[in-house]
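Note sheet for the following structure.
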Amino acid sequence: MSTTATLRPPVPGSGRKGYDVRKVRGDFPILSRRVYGKPLVYFDNAATTQKPRAVMDAVRALYEKSYANIHRGVHSLSVESSEAYEKAREKMRDFLHAGDAREIVFVRGTTEGINLVAQTYGRANVRAGDEILISALEHHSNIVPWQILCEEKGARLQIAPINERGEIRLEELERRLSKKTKIVAVSHVSNALGTVNPVKRIIALAHARGVPVLVDGAQAAPRLAVDVRDLDCDFYTFSGHKMYGPSGVGILYGKAEHLETMPPYQGGGDMISSVTFEKTTYNILPYKFEAGTPNIAGAIGLGVAVDYMRSLGIENIEAHESDLLSYATGRLSAIPGLRVIGTAREKAAVLSFTLEGVHPHDVGTVLDREGVAVRTGHHCAQPVMDFFKIPATSRASFALYNTREEVDVLAAGLGKVVEMFRP
Ligand SMILES: Cc1ncc(COP(=O)(O)O)c(C=O)c1O
């Protein structure tokens, strides 16, 4: 079984490695299917990405050859599954440049990672009158868990506003940091607009006041090199399914000093060291936060997804998507009535837009007939839509396997939409 993607040799004299996107597309079986008789153009990658054969092979191989429950049996299959699961944890540690595998907790995804921190660190540290600071760019997953906590504790949610480009206004964020602030929670990359937030700077501002920071990395981990020690974030969380891995698995990184003192999230098997009816003692890190049988195949598949991304080079993926973003921004901006929503100076892989006089759902439906999959709606970021005074956008989001030719198909499809809905 090969876990590496097809690499293109360095372009002579360019000094830059690249990869051959045509060969890479061959690693993703679904990309060769047709929709309404047209070749699939999959631009809904911010919602979830497609999977390379290597990930599917790894999951299949586990079930065919080694599968058993982990950490529990002395028999060979259990030992093999446990080793593969822990090897995946070590890959995730290395991917994030974390110092210690004890700081890597397997969760269901970003949503669970944020809820875990809100319900453990948050519950233990937030009191009535305290504040939690988020930004106006957040996905509902990084809003609602904090609202639940605020309601329970009598605390207040503070919001750092954004500007017309869709960038967090840093001076306003700083102004909202106070002695009452108990945690800052901010996305690394916005799923609705693609804004890359200056999280390192935000973390430094918060730390200068002793406030810990959680980073929602759902849209960053698939495309940016993440170094949690360089960022100095307290928590970092993301989902496997958005980075070529299986669904139902993700990562919460937490500094050991926090994880050690936090109460457990859920009770059950594996998270205990001993149980009597009088007293239960909890397991060591990271198992204290992994109650019950985890997504074993998902974790192993995620490890292979990271191998795959690294075989292409994270910086090459970033460069490839950045090229697609600027090409698509140029092509789509030329379409009459099309308005790009989100024009941040630092942007990644996401192109949100409205088309004058056409509801985004109509845009999505017409494009689907052309084989083009885009997302339409509020993208689980209703406050962002409210800020721009629109109900919804159409969103094309790019991945390592997309091409400029596919962007041309999108542009042609949008041309048809304009023709169809011309008054
Ligand atoms: C920025 C951001 N945060 C959180 C989430 C939630 O991720 P999941 O549904 O995988 O838990 C998403 C998903 O779209 C996202 O884009």
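A short reminder: the numbers here are calculations on the coordinates, not readings from a lab. Not measured: the values here are computed from a predicted model. Cβ atoms come from the backbone with ideal geometry, glycine included; neighbour counts cover every protein chain shown.
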Net charge near residue 191 (other residues with Cβ under 13 Å of its Cβ; Lys, Arg +1; Asp, Glu -1) is +2
Cβ under 11 Å from residue 134's Cβ, residue 134 left aside: what net charge do those residues give with Lys, Arg +1 and Asp, Glu -1?
-2
So how do 57, 27 line up by other beta-carbon neighbours within 10 Å, fewest first?
57, 27
Would you tally the net charge around residue 154, using a Cβ to Cβ cut-off of less than 14 Å, leaving residue 154 out, and scoring K and R as +1, D and E as -1?
+2
The longest stretch of the chain containing none of the trypsin sites (Lys or Arg not before Pro) that sit in a DSSP loop with at most 11 other Cβ atoms within 10 Å is 180-278
Pairs 23/91; 255/288; 182/255; 242/347: which exceed 20 Å Cα-Cα?
23/91
Given 10 °C and 1.306 mPa s, compute D for the chain with the Stokes-Einstein relation, Rh being the Kirkwood radius over Cα pairs; round to the nearest whole µm²/s.
70 µm²/s
Okay, helix-only estimate at 222 nm for the chain: each DSSP H run of n ≥ 4 adds -39500 (n - 2.57), divide by all residues, round to 500 deg cm²/dmol; what do you get?
-10500 deg cm²/dmol
Tell me the label-point distance for the pair residue 256, residue 30, using the 7 Å Cα-to-Cβ offset, in nm and rounded to one decimal.
3.8 nm
Have a look at the DSSP beta bridges in the chain and tell me what percent are antiparallel, nearest 5.
65 percent
